[in-house]
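S.K.: One structure coming up, written as structure tokens, with questions to follow.
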Amino acid sequence: MTRTLAVANQKGGVGKTTTSVNLAASLAEFGVSVLLVDMDPQANATAGAGVNRTAESPTAYHWLLGYCSFDESCCSANGGYTIIPSSGDLTAAELALLNAPDRNFRLSRRMRESPGFEYTIIDCPPSLNVLTVNALNAASGVLVPMQCEYLALEGLSALLSTVDGVRRSGNRNLELDGIVRTMYDPRNSLSREVSRQLFDHFRDAVYRTVIPRNVKLAEAPSHGLPGLLYDSRAKGSVAYRALAREMIEKHRNRNAAGLEKEHA
């Protein structure tokens, strides 16, 4: 079964792109076929994947608006996965879609060209705009990276309201895949308290793996590498491998439970 995960958080600076890139590379290391779609005009995931673009290179902008095919827009990333790169042109795509009749569903329609990856990860912009709504309509689940602080809890509440709205307006299969605690410091009492509240309110939706603050993870994008290729033994690299392992197991168990229910 294929899974499409929109990595989203309306609050910036929470490790959204770091999670997208390092999760894609970690899943690929486990032998899973992965597509990363960079839907953020800042193109940080594209830079972190080590994609060497020229001014003429097709990007998510050209693919989304139908100027090129899927095969023409995608390329190999450092880390063993496939990426559809981004650029600042995506801001123009956002404007172009505002008056399009399929403005909220263009990405899901374009993704039907995909040859069928086991995981598709969509790195969303840090705002609720038409690109994010497109990602949510194309996804089967939302993965929310968040820091354990009170303002982040408020942002999470707003995001979940958006998810409910998208579910009601067209993508009935959209679900909260999980919450990933990023930049986590267990010595911080506020982090521990917010973490406890997350488990109280969301229980199994919270991934057990936590991503610590890690200098190597912060350095890796400047070298065009995911953390596990930049320094495979760094705490951040180890954590993202653990997250990928936990995710694969979680989805495998969920698939098995679904099959049992069908045959009951």
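The values are calculated or read from the model by the stated rules, or taken from the named source; none is laboratory data. The shown structure was predicted, so the numbers you read here are calculated from the model rather than taken from an experiment. Cβ placement follows ideal geometry from the backbone for every residue including glycine, while neighbour counts extend to all protein chains displayed. Ligands, DNA and RNA are stripped out before the accessible areas are found, and what is left, the full protein with its side chains, is counted by its heavy atoms. Shrake-Rupley method; radii C 1.70, N 1.55, O 1.52, S 1.80 Å.
S.K.: Picking from P115, A93, T4, whose Cα lies most toward the positive end of the charge dipole for the chain (charges on Cβ: Lys, Arg +1; Asp, Glu -1)?
M.R.: About the Cα centre, the residue reaching furthest to the positive side is T4.
S.K.: Here's something else I'd like to know. Please list, in order along the range 18-35, the HN-Hα scalar couplings obtained from phi with the Karplus expression 6.51 cos²θ - 1.76 cosθ + 1.60 (θ = phi - 60°), rounded to whole Hz, x for Gly and Pro.
M.R.: Per residue, the Karplus-derived 3J(HN,Hα) values read 4, 5, 4, 5, 6, 5, 4, 5, 5, 4, 4, 5, 7, x, 8, 7, 10, 10 Hz.
S.K.: Additional query: Under a 5 Å amide H to amide H cut-off, with H placed in plane at 1.01 Å, what residues pair with T4 once short-range neighbours are removed?
M.R.: T120, S140, G141
S.K.: Measure off, as a whole percent, the carbon and sulfur share of the 1.4 Å-probe accessible area of the range 1-150, all protein chains present.
M.R.: 47
S.K.: Would you mind getting me the FRET efficiency between N188 and S157? Use the beta-carbon distance for r and R0 = 22 Å, nearest 0.05.
M.R.: On the way: r = 22 Å, r/R0 = 0.98.
The value I calculate is 0.55.
S.K.: Now, a different point. So which residue, out of V21, V194, V144, gets the largest mean-square fluctuation from a GNM of the chain using Cα contacts under 10 Å as springs?
M.R.: Taking springs between Cα atoms under 10 Å, the residue moving most is V194.
S.K.: Give the distance, in whole Å, between the Cα centre of the range 156-172 and the Cα centre of the range 46-121.
M.R.: Result: 23 Å between the Cα centres.
S.K.: If you don't mind, another one. List the residues, sorted by chain then number, that are 5 or more residues from Y184 or on another chain and whose placed amide H is less than 5 Å from its amide H.
M.R.: I211, R213
S.K.: List every residue whose amide H lies under 5 Å from the amide H of L176, counting only residues 5 or more places away in sequence or on a different chain, with H placed 1.01 Å from N in the peptide plane.
M.R.: V142
S.K.: Through the Karplus equation 6.51 cos²θ - 1.76 cosθ + 1.60, θ set to phi - 60°, convert the phi angles of the range 103-114 into ³J(HN,Hα) values in whole Hz; use x for Gly and Pro.
M.R.: With coefficients 6.51, -1.76 and 1.60, one gets 4, 8, 10, 4, 5, 4, 6, 5, 6, 5, 6, 4 Hz.
S.K.: When the helix-only estimate is applied to the chain (DSSP H runs of n ≥ 4, each -39,500 (n - 2.57), divided by the residue count), what is the mean residue ellipticity at 222 nm, nearest 500 deg cm²/dmol? Provide the component values of the computation, followed by the final result.
M.R.: On the way: 12 runs with 122 residues, N = 264.
After summing the helix terms and dividing by residue count, I get -13500 deg cm²/dmol.
S.K.: Classify the chain as rounded, prolate or oblate from the Cα gyration tensor: take a ≥ b ≥ c as the square roots of its eigenvalues, call it rounded if a/c is under 1.5, otherwise prolate when a/b beats b/c and oblate if not.
M.R.: rounded
S.K.: Right, here's the next one. First check a/c for the range 1-141, with a ≥ b ≥ c the square roots of the eigenvalues of its C-alpha gyration tensor; if it is under 1.5, answer rounded, and if not, answer prolate when a/b is larger than b/c or oblate otherwise.
M.R.: rounded
S.K.: Is the range 118-237 best put as rounded, prolate or oblate by its Cα gyration tensor, with a ≥ b ≥ c the root eigenvalues, rounded for a/c under 1.5, and otherwise prolate when a/b is larger than b/c, oblate when not?
M.R.: Here the range 118-237 falls in the oblate category.
S.K.: Would you kindly derive the ³J(HN,Hα) couplings of the range 126-136 from the backbone phi angles with the Karplus curve 6.51 cos²θ - 1.76 cosθ + 1.60 (θ = phi - 60°), listing them in order in whole Hz, with x for Gly and Pro?
M.R.: Ordered by residue, 3J(HN,Hα) equals x, 7, 8, 10, 5, 5, 5, 4, 4, 5, 5 Hz.
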